[in-house]
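**Q** One structure follows; several queries about it will come next.
The values are calculated or read from the model by the stated rules, or taken from the named source; none is laboratory data. Treat the numbers as computed from the prediction; the structure is a model and nothing was measured. Cβ: placed from backbone, ideal geometry, glycine included. Neighbour counts: every protein chain shown. The protein model used for the area step is the full one, side chains on, heavy atoms only, and it has no ligands, DNA or RNA in it. Shrake-Rupley method; radii C 1.70, N 1.55, O 1.52, S 1.80 Å.
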Amino acid sequence: MKRATNLLKTASKSRNLATLRQFAAQPDVAGNLAMEGDKKKTHFGFTDVDEAEKEKKVHDVFANVAKKYDLMNDAMSMGVHRLWKDYYVGGLQIPYNAKILDMAGGTGDIAFRLLRHSPTAKVTVSDINQPMLDVGKERAEKERDIQSNRLEWVCANAEAMPFESSTFDLFTMSFGIRNCTHPEKVVREAFRVLKPGGQLAILEFSEVNSALKPFYDAYSFNVIPVLGEILASDRASYQYLVESIRKFPNQDEFARIIREEGFGHVRYENMTFGVCSIHKGTKPRN
């Protein structure tokens, strides 16, 4: 009886060993399972997605909304975004003959303001989304006071910029960094491409004052997606944009990220009770 039991145990071990060997001999299966476990997750609005998937999803959002982007900004903010941007650009100290990089600047909203604010500056407008850049180029041709020879348009990823180190005097980014998978990488790249003494200035939605929050949330979640559906036939993209604001670091946390990437004189200024904030920093000269 004992001998029979031992034979059964031995046979069972042999079958298990054979199964393990067979599994190990299928590298695609084992490798795929390992890769599934290694995939890093991030957020796309309130949804968890693979990091590699987020970039494509964000690209699709802005490709979808590109032609109605400026109209929707007016509708969503009741025109207030124009005042935010005017104040943001008006507060910049732009050197003579400055070279400026406006990242995520697709439709040219900030670039045109920069050129009007500084008649000697040249602006490189960069965006990961070519349809947004195409809209910006069309707008530049229609704006009579904009000199096209002072603009350059470059399709590029903010997390891996194709520019030489220590190239620009000023780095601007308006309502774009929250859509990036790794905001800290964007800040790191901004530090790299800025000249010593160069300025970082980022305008982004932020954490609103607690007293205003219930009204702000009600408007954001109940009105903005509906406007997206009515004006742009795209409710889902604007639902994402609303959610993405809530997932972005608050003012103090984002200021900490900027400091950790090497910038000095880091500060921020709230606008409209914290609905958005202007973050600034300076790359040390040595």
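**Q** Between the range 92-123 and the range 240-286, how many Å separate their Cα centres?
**A** Cα centroid to Cα centroid, the span is 20 Å.
**Q** Keeping every protein chain present and rolling a 1.4 Å probe, give me the accessible area per residue for the range 81-122 in Å². Kindly include the intermediate steps, with their values, before the conclusion.
**A** Working: 1770 Å² over 42 residues.
Value for the range 81-122: 42 Å² per residue.
**Q** Which of rounded, prolate, oblate describes the range 95-212, given a ≥ b ≥ c as roots of the alpha-carbon gyration tensor eigenvalues and a/c under 1.5 marking rounded, otherwise prolate only if a/b is larger than b/c?
**A** Rounded, because the longest to shortest axis ratio a/c is under 1.5.
**Q** Let me ask you something else. Accessible area per residue of the range 228-269 at 1.4 Å probe, in Å²?
**A** Working: 2070 Å² over 42 residues.
Per residue, the range 228-269 has 49 Å² of solvent-accessible surface.
**Q** Further question: Antiparallel as a % of all DSSP beta bridges within the range 171-286, to the nearest 5? Could you put the intermediate results ahead of the total?
**A** Values: 13 of 17 bridges.
Roughly 75 percent of the DSSP beta bridges within the range 171-286 come out antiparallel.
**Q** With a ≥ b ≥ c taken as the square roots of the eigenvalues of the C-alpha gyration tensor of the range 203-261, please select rounded if a/c is under 1.5 and otherwise prolate if a/b is larger than b/c or oblate if it is not? Don't skip to the end; give the middle numbers.
**A** On the way: a/c = 3.92, a/b = 1.78, b/c = 2.21.
Oblate, because a/c is 1.5 or more while a/b does not exceed b/c.
**Q** Something else about it: Determine the alpha carbon to alpha carbon distance for each of 39/283; 54/213; 67/99; 122/280 and list only those over 25 Å. Please report the intermediate quantities before stating the final value.
**A** On the way: 39/283 34 Å; 54/213 27 Å; 67/99 28 Å; 122/280 20 Å.
Exceeds cut-off: 39/283; 54/213; 67/99.
**Q** For the range 127-174, taking Cα atoms only, what is the radius of gyration to one decimal and the Dmax to the nearest whole Å?
**A** Reported Rg and Dmax, both Å: 12.3, 33.
**Q** Ok, one more. Given the protein chains as shown and a 1.4 Å probe, how many square angstrom of residue 200 are accessible, to the nearest 10?
**A** So the heavy atoms of residue 200 present about 0 Å² to solvent.
**Q** Then there is this: Taking all protein chains together and a probe of 1.4 Å, list 276, 155 from the most accessible to the least accessible. Spell out each step's value before the answer.
**A** Numbers: 276 0, 155 70 Å².
Per-residue accessible area, sorted high to low, gives 155, 276.
**Q** So what is the relative contact order for the range 90-221, in percent, with contacts set as C-alpha pairs under 8 Å and at least six apart?
**A** 24
**Q** Can you give the FRET efficiency to the nearest 0.05 for residue 138 and residue 52, using r as the Cβ-Cβ distance and R₀ = 30 Å?
**A** The formula returns an efficiency of 0.45 here.
**Q** Another question about this same structure. If you wrap the range 76-134's Cα atoms in a convex hull and average its projection over all directions, what's the area in nm²?
**A** The Cα convex hull of the range 76-134, projected and averaged over all directions, gives 4.3 nm².
**Q** With every protein chain left in place, what is the accessible area of residue 205 in Å² (1.4 Å probe, nearest 10)?
**A** Approximately 40 Å² of residue 205 is accessible to the 1.4 Å probe.
**Q** Right, here's the next one. So if each residue of separation counts as 0.36 nm, and I subtract the Cα-Cα distance between residue 222 and residue 117, what length gain in nm does that give?
**A** Between residue 222 and residue 117, full extension yields 34.1 nm more.
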